[in-house]
1. When the residues of segment 1-48 are narrowed to those that are in contact (Cβ under 8 Å) with a residue 40 or more places away in the chain and open to solvent by 80 Å² or more (accessible area, probe 1.4 Å), which ends up nearest to the chain's Cα centre (by Cα)?
2. Name the residues in segment 191-209 that are closer than 25 Å to Trp173 by Cα, open to solvent by 100 Å² or more (accessible area, probe 1.4 Å) and of a type in the set (D, E, K, R), would you?
3. Does segment 63-73 hold any residues that are open to solvent by less than 70 Å² (accessible area, probe 1.4 Å) and out of contact with any helix residue (DSSP H, G or I) (no Cβ under 7 Å at 6 or more places or on another chain), and which are they?
4. So, of the residues in segment 74-122 that are among the small types (Gly, Ala, Ser), modelled with pLDDT under 90 and over 16 Å from Ile7 (Cβ atoms), which turns out to be surrounded by the most Cβ atoms within 10 Å (Cβ to Cβ)?
5. Starting from residues that are touching a Lys or Arg at 6+ places or on another chain (Cβ under 9 Å) and open to solvent by less than 60 Å² (accessible area, probe 1.4 Å), keep the ones in segment 123-158 and report whichever is modelled with the highest pLDDT.
6. Which numbered condition in (1) free of Cβ contacts under 8 Å to residues at least 60 places away in the same chain; (2) closer than 17 Å to Val28 by Cα; (3) surrounded by 13 or more Cβ atoms within 10 Å (Cβ to Cβ) is the only one that Gly51 fails?
7. Considering only segment 145-215, give the helices (runs of 4 or more DSSP H) lying wholly within it that have at least 1 residues that are more than 30 Å from the chain's Cα centre (by Cα), closer than 30 Å to Cys135 by Cα and free of Cβ contacts under 8 Å to residues at least 24 places away in the same chain.
8. Look at segment 57-66 and say how many of its residues are more than 19 Å from the chain's Cα centre (by Cα) and either β-branched (Val, Ile, Thr) or modelled with pLDDT under 95 (or both).
Amino acid sequence: YGKSYLIIQMCKMWPNARFIICCPYTEVIKDFYASLSAQLGMNQVGMVGAGRNNPDPRIVCCVSNSLKKCKLDKVDFFLFDEVHRAAAPETAATISTLENARMYGFSASVKGRADGSDLETEAMFGPVIARSEYCDAQASGAVVPIHVFVYSCKHFHNCEYKLTHARDRNLIWRNEERNLLIRRMVDDAYDALGPEIHFLTSVSRVDHAVHLGKH
């Protein structure tokens, strides 16, 4: 909520500063590149990674695994979106070569890396200086409200299957207990939120859609 907006405003606030905007995800970087190019002009924005290599403009949007191709010695602001991913060993090693840049990280989940390297992220970017809670975003109209219904599946039968396909077929796609629980979820949501709501249930196989559709 608001991360991309804030990053773009920073690029506008310092019109002569050189920026690197980094993220592990190619699609996020493409979005940054498109938004900044539309607002500031294509001559001010370059992209490194995802098949491109243009590190010369004052604002460079970069996929993290291509960070070594950027001119790290000439950057004033280094902005890392999804900063909880910055502690990956190779990425962290490249970031450690930055000497003079102001560094800011953005993330919806700063804590909780599986490899326990949260403190490495804080060592690179510093402690959290601003936080926006989901309820604040909801109150401002920036995100939709979320209603959470929690169900237990601990009573479901469980069997060992040597083949992944057999496991998925018997425990997911054709699991009547599981499919009936999904039907119950739909009923409960209608009761709580009203009959005008719409549902999207995503499945990975047509087999599952057929068996779930019966209910």
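The values are calculated or read from the model by the stated rules, or taken from the named source; none is laboratory data. These numbers were taken from a predicted model, which means no experiment stands behind them. Virtual Cβ from ideal backbone geometry, glycine too; neighbours counted across all protein chains shown. These accessible areas exclude ligands, DNA and RNA; they are computed on the full protein's heavy atoms, side chains included. Shrake-Rupley method; radii C 1.70, N 1.55, O 1.52, S 1.80 Å.
1. Checked segment 1-48; the qualifying residue nearest to the chain's Cα centre (by Cα) is Tyr25.
2. Residue satisfying the conditions is Arg205 alone.
3. The answer is Ser66, Cys70, Leu72.
4. Within segment 74-122, the match that is surrounded by the most Cβ atoms within 10 Å (Cβ to Cβ) is Ala87.
5. Checked segment 123-158; the qualifying residue modelled with the highest pLDDT is Tyr151.
6. (3)
7. Correct list: 176-193.
8. 2
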